[in-house]
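Asks: One structure coming up, written as structure tokens, with questions to follow.
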Amino acid sequence: MGDHHDLAITLFAVIVLVTLAITVWVGRRGSAAEDFYAAGRDFTPLQNGFALSGDYLSAASFLGVAGLIALYGYDGVLYSIGFLVAWLVVLMLVAELVRNAGRYTLADVLALRLRRRKVRAAAGGASVVVTLLYLVAQMVGAGSLVALLLGTNSASARTWTIVAVGGLMIVYVTVGGMRATTWIQIVKAFLLIAGSVLLTILLMVHFHGDLGELMRQAARHSGAGRRYLEPGLKYGATSTSRLDFFSLGLALVLGTAGLPHILSRFYTVPTARAARRSTMWAIGLVGGFYLMAIALGLGATALVGSTEVRHANSAGNTAVPLLALVLGGGNGSTGGVVLFALISAIAFATILAVVAGLTLASSAAFAHDIWAGAFRGWSLRRRTGDAALRDVEPVSDRQEVVVARIAAVGIGAAAIAISLFAQQLNVAFLVGLAFAVAASANLPVLLYTLFWRRFTARGAVWSVYGGLVPAIVLVTFSPVVSGTKVALFPGVDFHWFPLENPGIISIPLGFLAGWIGTLTSPEPADSDRFAELEVRALTGAGAA
């Protein structure tokens, strides 16, 4: 066992050195805000399509989804369907419009029409919360993976891995910005898809291309028999679990269009047409990957067994590396050692790349939206008064980028601290929570801003908080936090909300709050600003 641990850790080190080299090389090319936030807007649709898929295909995809399929069969497959269908919402509703209407962040789209500090502050705060939840998922996955490589289940190995990944993501963002992050995503996406293709080919060769035999053997080794291939192993036992699944599916399908790190990718291409073509490339890459993830999850159950997968990691996060070890020839074989190490290193590269994109998105939201767009103006007005404020110089690009880099350090530290408490949760499940918050807080205000003429600043603020606060409250008092053996605090029970995912409640509340806020707003909507937004979003006239 020691050989594949040593080789995998060596490959980890190579990946870290390569990504750091990319970061340092690219980081010297520019320090302006457009370079730091949008990579100069000069990536091609194909390059950005790979980067989009790299941002999206996270540890939840490579480790979590395959792990859920290995443990729960049909119900785990439903995760991959939700992740894929979500891209159709992005393609049809937001890709081109967001590229034309915004500059760096989601709040820029809102501010084009709703020029209020409180709108920027609300949207920026929600973006930070969403990215923090997503970051936790990636770092938990990193801890599980490296603990497996070291051949230990010790908490100290996972803890130090989380700290190391957090430190690396801070370096990537503070030194390289969006340009370095994009190139890291492109390299990672290529490695991830190539590794998945290799494993899938080996799996099909093992079963001589017989998918039926793969499924039958998976059912035999699942411990659940035929129920493994049928709905209900995880979500169908009770009416509550079925409702929980519907809530999860709603969050997955609607959440992608509200993820800050996905929306920011549309600003790295020169035109809205390029943004749409990027999305089409991403759909193809993501779709192909999830088809392979389904096969790999079934393969892990068939060749490793659900019991062994659960023994290695109770949430199933290490199913794919264990499958690679078996397909390469098993413990002690050269092929097994090499394949295990290669796939584990690719999974680690996946985590490093995604956490970099998430940290950049959250630091941009803090510096560009909260600090420069909301807090600084409020602070200056409070100290000097409105008349004196007109003579104050606006925030420079250099000031904003410095604040963004400082914010990256703070957000990275917060993500590390939270991750240490969430090490036993499945990474795909954690991402489902992030999607629920994104769909509740970000998507309603984005759609209202783009398509509802009467929408007002009060409606925007109410929409963000009306989705964000209920989502956080419901998760806090759900079985995720207390009341079960796998909760964050298993020794106590203060939960009263029965569902693990709050989307079915919080998403409608986000839309409802925006509607009520608009109807009760003392100021009518500015029709001229909506017309300006509409023309710019549809034609690109005046776009950055």
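The values are calculated or read from the model by the stated rules, or taken from the named source; none is laboratory data. These figures come from a predicted structure and were not determined experimentally. Note that we place each Cβ from the backbone using ideal geometry, even for glycine, and neighbour counts take in every protein chain shown. Remember, those area values only see protein heavy atoms, side chains included, never the ligands or the DNA or RNA. Shrake-Rupley method; radii C 1.70, N 1.55, O 1.52, S 1.80 Å.
Asks: If you take the charge dipole of region 1-136 about its Cα centre, with +1 on Lys and Arg Cβ and -1 on Asp and Glu Cβ, which of G76, V89, N100 is farthest toward its positive end?
Replies: The residue sitting farthest along the positive end of the dipole is N100.
Asks: Could you sort 533-540, 407-414 so that the peptide with the highest average Cβ count within 10 Å comes first and the rest follow in order?
Replies: Descending packing order for the listed peptides: 407-414, 533-540.
Asks: Run the numbers for F190 and I516: contour at 0.36 nm per residue of separation, minus the present Cα-Cα distance, in nm.
Replies: Answer, rounded to one decimal: 112.8 nm.
Asks: As a test of understanding, state the convex hull volume per residue of region 218-260 from its alpha carbons, in Å³.
Replies: With only Cα atoms used, region 218-260 gives 92 Å³ per residue.
Asks: A further question on this structure: So which lysines pass the test for K234, namely a Cα distance under 20 Å, with those fewer than 8 places away in the same chain ruled out?
Replies: List returned: K485.
Asks: Whenever you get a sec, compute what percent of the accessible area on region 437-544 sits on carbon and sulfur atoms (1.4 Å probe).
Replies: Here carbon and sulfur together make up 66 percent of the probe-accessible area.
Asks: Then there is this: Mind ordering 75-82, 332-339, 345-352 by average Cβ neighbours within 10 Å, highest first?
Replies: Result, highest mean first: 345-352, 75-82, 332-339.
Asks: Based on Cα positions only, what radius of gyration and what Dmax would you give for the chain, in angstroms?
Replies: Just the Cα atoms of the chain yield Rg and Dmax of 22.8, 78 Å.
Asks: If you don't mind, another one. Pop a pseudo-label 7 angstrom from the Cα along the beta-carbon direction at both W25 and A155 and give the gap in nm to one decimal.
Replies: Using points 7 Å along Cα→Cβ, the separation is 4.2 nm.
Asks: Here is a follow-up. Where in region 443-470 does the amide nitrogen come within less than 16 Å of the point 7 Å from the Cα of S527, taken along Cα to Cβ?
Replies: From region 443-470, the list is 452-456.
Asks: So what is the accessible area of the chain per residue, in Å², with the probe set to 1.4 Å?
Replies: Each residue of the chain exposes 37 Å² on average to a 1.4 Å probe.
Asks: Could you give the dipole magnitude of the chain about its Cα centre, charging the beta-carbon of Lys and Arg +1 and that of Asp and Glu -1, in debye to the nearest 20?
Replies: So the magnitude is around 940 debye.
Asks: If you don't mind, another one. In whole Hz, with x marking every Gly and Pro, tabulate ³J(HN,Hα) for region 444-454 from phi via Karplus 6.51 cos²θ - 1.76 cosθ + 1.60, θ = phi - 60°.
Replies: x, 5, 5, 5, 4, 5, 6, 10, 10, 5, 8
Asks: Looking at the calculated P(r) for region 240-385, what percent of the C-alpha pair distances fall above 19 Å?
Replies: 71 percent
Asks: Continuing with this model, one more query. Figure the gain on full extension for F375 and T240 (residue separation times 0.36 nm, minus the Cα-Cα span) and round it to one decimal in nm.
Replies: 44.3 nm is the gain from fully extending F375 to T240.
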